[in-house]
Amino acid sequence: MSSNPNESAGPVTMMQAPLYLQYRFTAGTSSLSFLHAIKRGRLIGRRCPGCESVYIPCRGSCARCGVATCDNIELTDEGVIDKFTVVHIPIPNNPIKPPFVVAHIRLNGADNAFHHLIGEVDNDKVKLGMKVKAVWRPESEWDYGLDNIRYFKPLGGEHD
Amino acid sequence: MTDTLNELPPLTQDFELGFTYTRSLGPVLSRFLTGLRDGQVLAARTRAGTLLVPPPEFEPVSGASIKELEPVAAEGTVLSWCWVSQPSSSAPLNKPFAWVLVRFEGCDGAMLHALAADAKEQVHTGMRVRVRWAPERVGNVKDIACFEVHKQ
Amino acid sequence: MANHAAVIGVGQVKYQTQRDDVSIAGLVREAAQNALDDAQLEWSDIDAVVIGKAPDMFEGHMMPELYLADALCATNKPILRVHTAGSVGGSTAIVAASHVQSGVFERVLTVAYEKQSESNAMWALSSKQPFATHLNAGAGGFFAPLIREYIQRSNAPAEVGMQVAVKDRLHALRNPLAHLHMPDIDLATVEASPMLWEPLRFLESCPSSDGACAMIIGSERAAAASPKKPAWIRGTAMRSEPTNFAGREQVNPQAGIDCAKDVYRQAGIQNPRKDLDTAEIYVPFSWYEPMWLENLGFCDIGEGWKLTLEGATSLPEGGDIPWNCSGGVLSTNPIGASGMIRFAEAAQQVRGLAGDYQVEGTQLALGHAYGGGAQFFSMWVVGAEKQ
Amino acid sequence: MTDIAIVSYAQAPMVRDAGCANEVELIMPVINEALQACGLARTDIDFVCSGSADYLQGAPFAFVAGVDALGAFPPIKESHVEMDAAWALYECYLKMLAGDIDSALIYGFGKSSPGNLPEVLSLQLDPYYLQPLCPDSVSLAALQARAMLDAGRCTREQMNEVVINSRRQAQKNPRAQLRKPVSQEQLQAEVDWIAPLKKSDCCPISDGASALVICRESQAREMGLPYARVVGMDHRIESHMLGFRDLTDSPSARNAAKSAGLHNNIEAAELHAPFSHQEILLRQSLGLSENVDINPSGGALAGNVMMAAGLDRIGSMAAAILRGDYKFGLAHATSGPCLQQNLVTILEAA
């Protein structure tokens, strides 16, 4: 059956519905310190005034306590692999070629993890708890987002 | 570090949420849209004997499944209208036009579509209009390009 | 005290990749009509409608209750639309039950659906968001890291996931409505299927389906007048926790533990493995069977995979606690409806109407759904007896 | 009559663009304010239910981010409707009647500023006959206004009066978005927007959030809290097919009101009428007399936060009753094109 009824005189059974909406997103106040910092190659998290947990990136609250985060905390670009998987299929509209490792990275001093890529190591050598360090893109490519980090690579040593 | 968030400039980013959905039609919509492609307006015949355009899949109120469709004349009467003086890019017509509810000849209910008119003053409730067919028709409600004034 | 409520009608459709013979309304209507027919009721017997589905972006259609009011004969009735991510099918059934338990309504139609073929769920869930990295490789990409952690913690052998994948597809062969019918399924076939997100292979993941599931929930009086055996709602529970917070246990989430405890307490269940006869559990990726066996208290932590390997959850192997006899989410997955299918299949077991996948003599069954980052849970226990 | 008490209501200022406030930053202050106002802690609340819609901001799962504002650990009993939060309150109302819960927090939020709201709302329409034409929400309302004018159900001057009243009332409401007084002369001189509607006939596009707390009357009394009693709630829907409806009447609102316990002693009504003619239509359909105060908050014409505006009507009426302004009130919420779906709550002073 043809989904393009112009090609045949048969009954129309399907229709195409193109829906293209334009939006202008504005980043949340609590993420501004993070976004402005990462534009300059630095990493800023936010601390919960209740349990003192540090979140990076931060959505504006400590979700556990339900209170607004307050202080900015500068973190280094080193952390550990909290969880990970090896992805064997492509991400729609993303040029990265499978297989690749997506890990939950917890930066040193942070209490939450974010998703990022792991590089400079064989996929089958990646391990939970592995210490990693950010590999940044060239400064000329830096924008407002974690994409400024190309991937995280093992710090080397104990896990090899 | 003290909180200086309010001094940081806001950040915005434009994005498009876009996808072309593929919709299957089922028997009633399929026959109606096939009719439009072929230049014909089909009405639903309800169990009470009335005709409805556009044909719903299920009768209003009773909810009975529509089984019968039959052709009606591609003309009707304006039941209500409004005037769009600044059409957006997604509007069916790219110059000022009216949205109209049109009751097809001999039918109950009314269909929403655009009416081409040069000025608001040409449009009024109760006026007679007819279908202006799109030059290329594919089986879509837009195969009716719009309605136009029907001078008798 | 709440009024009693019971499932007095269940309606589903033949699930498949693309139901290209119906519109969205036609699909939803088909399930609803089947539920009415099962309950031997007319549209005019229905007092209110509760619908559920996952994000509007799956069909590109916002607040669909407005458009579906006509197809569901809801004009001049209340209609409400629930959305709690993947758990929505279950939460929708629970909201419908509340309608009856409140004493305000006698008979409520509830229906959940997804017409995933209209779009691409992977696209809808993985689109790039402003200022964010774009690494969301579908739902499996989200859950695979948690599964790896489960395997590491429990030392489960690799074949556990594959065994679940086979077991649920063998169950599906008994269910004519199931999307996937794979008569030749075995461990070797699963193992040979492509790896998607380690350790999840293609055949260890749920399909993408078009489908709808409906139930009629009635009051005690409506149940008494019902020609078929009702499934009494013995307990309902929902729990939510945030996606991401410091110290969150994602593998064995507290919200699931608490939700199960709540629903067991209401239904008088002390030992779920012993007291329940069967369960329909939301297992979209094979490894979630052992993970939920533990989370739901069917066994101790770290022991779930042993139940799976022993065949405890298998109907053909005569397991003592068969899970997902209908074939489960691994065999049929219209996302917004998947939770309601679990709830409805639990009801069918209790009503003795589960056909070739009936667990003989079922008195109590659990229906379960979860969603988001394994953070939203909804569950009910249905019974052959009122209390 | 129920034993359900509305004990507090909080609303963020309604603004055209909430700018840098994300979901959490919109929601958290109003939730905290609503809880503080009645002295209940989060852990005292049995159930939380919210209303929001993903397409306003164009990202799926808006409500999931909302959970971050709740302090939802240990896990909470929580649900969500992809509808105006008035329907979230209705879900809680049924759970209260069922005896499942004894208190609830309800919140709604909408940030419509990132998109083109009137066009986004065309996604609500029949995907086959209407959505491809992209008729915006203002145009559909304008068709209804024309039908009202043609049928003699309202006049241009009466529509102007609605706008004048809204602005006058809104001057007392610090959270209203449009508060500038207008005169009959000014409105008469205003040019058409989508004729017969002028811009002043239409609600503004608003960002914001609101929260409301309910509990049992007995608990409110024990805690010494002032409260408004929920007499009843109901909601009804009409056909989606505009051409098959009488656009000049609202049988769904009327029937919902009857079922919710509408009576002749109603002194004030908060009507969710995003367009001026709809206020007149609703007054007529509900049979409200000339003596009934309409929209003491200013109503939707003074600010209309999608997904919260219906809850705002209920909260505003409850707040007016708590202030002692009225003994009996009606609150109405709507959803869909041309008042397709309507919910009515009848409230009274304790």
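As a length-normalised measure over Cα pairs under 8 Å and 6 or more apart, the relative contact order of the stretch B:8-152 settles at 21 percent.
Counting only aspartates and glutamates at least 8 places from B:LYS151 when in the same chain, those with an alpha carbon closer than 13 Å to its own are B:GLU75. Taking a point 7 angstrom from the Cα of C:ASN120 along the C-beta vector, which residues in the stretch A:77-107 have backbone N less than 16 Å away? Taking a point 7 Å out along Cα→Cβ of C:ASN120, the residues of the stretch A:77-107 whose backbone N falls under 16 Å are A:89-98.
Diagonalise the Cα gyration tensor of the protein assembly as shown and give the resulting equivalent ellipsoid semi-axes, square root of 5 times each eigenvalue, largest first, whole Å. Before the final figure, lay out the partial values.
Details: eigenvalues 376, 228, 193 Å².
Equivalent-ellipsoid dimensions as semi-axes: 43, 34, 31 Å.
Between amide H atoms placed 1.01 Å from N, distances below 5 Å from B:PHE147 occur with B:ALA114, B:LEU115, B:ALA116, B:ARG132, all of them 5 or more places distant or on a separate chain.
Check each of the trypsin sites (Lys or Arg not before Pro) in the stretch B:67-126 and keep only those in coil by DSSP with at most 16 other C-beta atoms within 10 angstrom; list them in order. Could the numbers behind the result be given before it?
On the way: sites: B:LYS67, B:ARG103, B:LYS120; in loops: B:LYS67.
Those that pass, being in a loop and sparsely packed, are B:LYS67.
Along chain A, the longest continuous region that contains none of the GluC sites (Glu not before Pro) in a DSSP loop with at most 13 other C-beta atoms within 10 Å is A:53-119. Rounded to the nearest 10 degrees, what's the angle between the helix B:26-37 long axis and the longest principal axis of chain B, both from Cα atoms, 0 to 90? Between helix and principal axis, roughly 80 degrees.
Counting only other chain Cβ atoms within 10 Å of each residue's Cβ, the peptide B:27-39 averages 5. The distance from the alpha carbon centre of the stretch D:180-253 to that of the stretch D:74-106 is 21 Å, rounded to a whole number.
For chain C, compute Rh as the Kirkwood radius over C-alpha pairs and then the Stokes-Einstein diffusion coefficient at 25 °C and 0.890 mPa s; write the answer in µm²/s, rounded to an integer. Intermediate values should be presented prior to the final figure.
Details: Rh = 20.4 Å.
Estimated via Stokes-Einstein, D reaches 120 µm²/s.
If R0 is taken as 35 Å, the Cβ-Cβ distance between D:THR2 and A:ARG24 corresponds to a FRET efficiency of 0.20. The lysine pair count for chain D, using Cα distances under 20 Å and pairs eight or more places apart or on different chains, is 6. Across the stretch A:29-154, Cα-Cα pairs more than 25 Å apart make up 27 percent of the total.
Ellipticity at 222 nm from helices only: DSSP H runs of n ≥ 4 in the protein assembly as shown, each -39500 (n - 2.57), divided by the residue count, give -8000 deg cm²/dmol.
Using only alpha carbon pairs under 8 Å that are at least six residues apart, calculate the relative contact order of chain A and give it in whole percent. Intermediate values should be presented prior to the final figure.
On the way: 289 pairs, mean separation 29.4, N = 160.
The normalised contact order for chain A reaches 18 percent.
Counting, for every residue in C:80-91, the Cβ atoms of other protein chains within 10 Å of its Cβ and taking the mean gives 5. For the pair the stretch A:91-124 and the stretch C:260-276, the centres of their Cα atoms are 40 angstrom apart.
With an 8 Å Cα cut-off and a minimum separation of 6 or more residues, compute the relative contact order for chain D in percent.
Values: 793 pairs, mean separation 90.9, N = 350.
Reported relative contact order: 26 percent.
Using the Cβ of C:GLU385 as centre and a radius below 14 Å, the other residues enclosed give a net charge of +1, where K and R count +1 and D and E count -1. Using the Cβ of C:ASN155 as centre and a radius below 15 Å, the other residues enclosed give a net charge of -2, where K and R count +1 and D and E count -1.
Here's the picture: charge each Lys and Arg Cβ at +1 and each Asp and Glu Cβ at -1 in chain C, and of C:VAL160, C:ALA74, C:THR313 the one pushed furthest to the positive end of that dipole is C:ALA74. Cβ-Cβ distance of D:SER218 and A:GLU78, R₀ of 60 Å, FRET efficiency by 1/(1 + (r/R0)^6): the value works out to about 0.60. Shown in residue order for the stretch D:145-154 are the 3J(HN,Hα) couplings computed by the Karplus curve 6.51 cos²θ - 1.76 cosθ + 1.60 at θ = phi - 60°: 4, 4, 4, 5, 5, 4, 7, x, 7, 7 Hz (x for Gly and Pro).
Computed as a quarter of the hull surface, the mean projected area of the alpha carbon convex hull for chain D stands at 16.4 nm².
Which trypsin sites (Lys or Arg not before Pro) in the stretch D:283-350 pass both tests, a DSSP loop state and at most 16 other beta-carbon atoms within 10 Å?
Qualifying residues, ordered by number: D:ARG323, D:LYS327.
Scalar couplings 3J(HN,Hα) for the stretch D:78-95, obtained by applying the Karplus form with A = 6.51, B = -1.76, C = 1.60 to θ = phi - 60°, are 8, 8, 8, 10, 8, 8, 4, 5, 4, 6, 5, 4, 4, 4, 5, 4, 5, 5 Hz; x denotes Gly and Pro.
Against chain D, whose longest principal axis is taken from its Cα atoms, helix D:23-38 shows a tilt of about 60°.
Other residues lying with their Cβ under 15 Å from the Cβ of A:PHE84 contribute a combined charge of +2, Lys and Arg counting +1, Asp and Glu -1. Pairwise Cα distances in the stretch B:23-149 exceed 19 Å for 49 percent of all pairs.
So which of A:LYS83/A:LYS133; B:LYS142/C:LYS115; A:LYS39/A:LYS133 end up more than 26 Å apart by C-alpha? List each step's numbers first, then the result.
Values: A:LYS83/A:LYS133 15 Å; B:LYS142/C:LYS115 24 Å; A:LYS39/A:LYS133 18 Å.
Violating the 26 Å Cα-Cα cut-off are zero pairs.
Throughout, read-outs are computed from the coordinates displayed, never taken from laboratory work. Just so you know, these numbers come straight off a predicted model, no measurement behind them. Don't worry about glycine lacking a Cβ; one is built from the backbone with ideal geometry, like all the others, and counts go over all protein chains shown.
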